[in-house]
1. What list do you get for A:39, A:10, B:241 if you sort them by fewest beta carbons within 10 Å?
2. Note down the Stokes-Einstein diffusion coefficient of segment A:33-112 in µm²/s, whole number, using a Kirkwood radius over alpha carbon pairs, 25 °C, and 0.890 mPa s.
3. In whole Å, how far is the Cα centre of segment A:169-233 from that of segment B:149-227?
4. Evaluate the Kirkwood expression for the hydrodynamic radius of segment B:12-120, namely the inverse of the mean inverse distance over all pairs of different C-alpha atoms, and round to one decimal in Å.
5. Could you work out the helix-only [θ] at 222 nm for chain B, with each DSSP H run of four or more residues adding -39,500 (n - 2.57) and the total divided by the number of residues, to the nearest 500 deg cm²/dmol?
6. Would you please calculate the Kirkwood hydrodynamic radius of the protein assembly as shown over all C-alpha pairs and express it in Å, rounded to one decimal?
7. Given a cut-off of 28 Å, what percent of all Cα-Cα pairs of chain B lie beyond it?
8. Quick one: angle between helix B:84-95 and the longest Cα principal axis of chain B, in degrees between 0 and 90, rounded to 10, please.
């Protein structure tokens with residue numbers, strides 16, 4: 001039984017993105033491809049930032065498209081390359097932004113765990129304008145997970161981070177995946193990053209999925225010359 | 001720079017000019033006090049209307065595509081660029097009792113000439129364009145990505161405005177409001193045509209000048225400056241302070 005069942009058709013200037021994705025609850029998919037292959041378009045259509053031209057997207061019993069479900073009704077967490085923290089709020093208020101008043105009390109223990117694991121406690125009451133880039137990334141990650149969403153989308157979230165911070169955040173994501181059981185789609189153009197926390201790979205080229213399977217099967221027999229070059233580089 | 005500022009502020013010395021003993025009233029006792037009250041009260045009403053009508057329009061303009069924005073802003077700009085006297089005459093003609101709309105409004109008890117409604121409506125017409133254009137700039141400075149993230153975190157459009165857009169744009173919105181305040185409070189050309197009665201401060205200053213000369217102008221002029229200038233001046237200082245601390 002799929003949690004996410006998506007067929008996304010979206011016309012771009014160079015090509016049409018036409019992608020079908022099916023993920024079971026708790027599955028972790030790495031969407032891999034060269035820059036400009038259509039990965040972010042797929043993510044943005046799933047999140048609801050962009051509306052597909054055609055297709056169908058459902059998350060469990062919830063229809064996301066068509067018609068396009070408003071963003072605030074989608075139980076989806078979306079982390080992009082930029083942190084987009086709310087600059088007028090503290091670290092604490094950013095992390096708890098998605099929790100409504102009633103939920104805040106019930107989530108206190110969970111939020112405390114998030115803050116401790118991501119080393120945010122000493123920053124907790126600071127304005128986000130006073131923290132570093134790496135700390136901002138942790139806050140964005142904590143804010144995304146605070147609502148304990150069933151579907152998590154992350155689009156090249158480690159692009160600007162050093163290797164140590166990247167590994168640390170990947171380890172944290174893996175722990176919370178075990179604890180929360182969310183379904184994850186991650187996008188990156190570096191397979192070695194995706195391989196660390198995604199069990200399944202889907203390779204996208206010019207808006208089409210050209211290969212799907214385990215990382216070892218994709219690496220052993222790349223379906224296209226471009227994919228072979230990307231894996232070799 | 002100092003020389004320029006001195007030249008710029010030189011007219012303020014006019015307040016110390018020897019014009020004879022100042023007198024609060026002109027020819028009609030009580031008219032100056034009621035002009036102050038009329039100006040403050042109706043300008044406040046006009047600003048409430050500016051905010052209620054203008055903010056959604058400004059938000060729409062701030063978030064619309066380039067082509068849409070150019071077209072609609074050009075329309076809003078007409079009201080900003082209109083010479084006040086021309087606007088007053090046009091308002092009188094368009095809402096006057098000779099038109100179907102004016103006649104109907106008069107029938108339901110809303111006189112559109114020389115009335116409180118005419119006064120406040122004229123102030124709205126002269127100020128709302130300024131408010132919208134300045135508010136649009138303030139709202140456009142809030143990255144739409146922040147609003148999208150807030151929505152994805154479960155906030156409805158109204159909550160997004162209350163929790164993200166407004167706090168980030170509030171100083172710019174206050175500046176927009178202060179521009180509208182000065183514009184509405186200081187309006188003479190349009191108001192003198194549509195609402196000679198009830199007189200506001202600008203019209204009363206002119207009436208006092210005609211009836212009693214400069215001594216009857218000076219006290220009201222001081223009140224006029226004290227009610228018009230501090231709000232935008234303070235907001236400008238606050239904005240500068242925020243720019244320095246940001």
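Each reported figure results from applying straightforward, stated rules to the coordinates on display, with no laboratory input. Source: prediction; values computed, not measured. Cβ coordinates were reconstructed from backbone atoms using ideal geometry, including for glycine residues, and neighbour counts include every protein chain displayed.
1. Taking fewest neighbouring Cβ atoms as first place, the list is B:241, A:10, A:39.
2. The diffusion coefficient I find is 163 µm²/s.
3. Here the answer is 59 Å between Cα centres.
4. By the Kirkwood definition, the hydrodynamic radius is 17.8 Å.
5. Only helices count here, giving -23000 deg cm²/dmol.
6. Across the protein assembly as shown, the inverse of the average 1/r is 26.9 Å.
7. 44 percent
8. Computed tilt is about 80 degrees.
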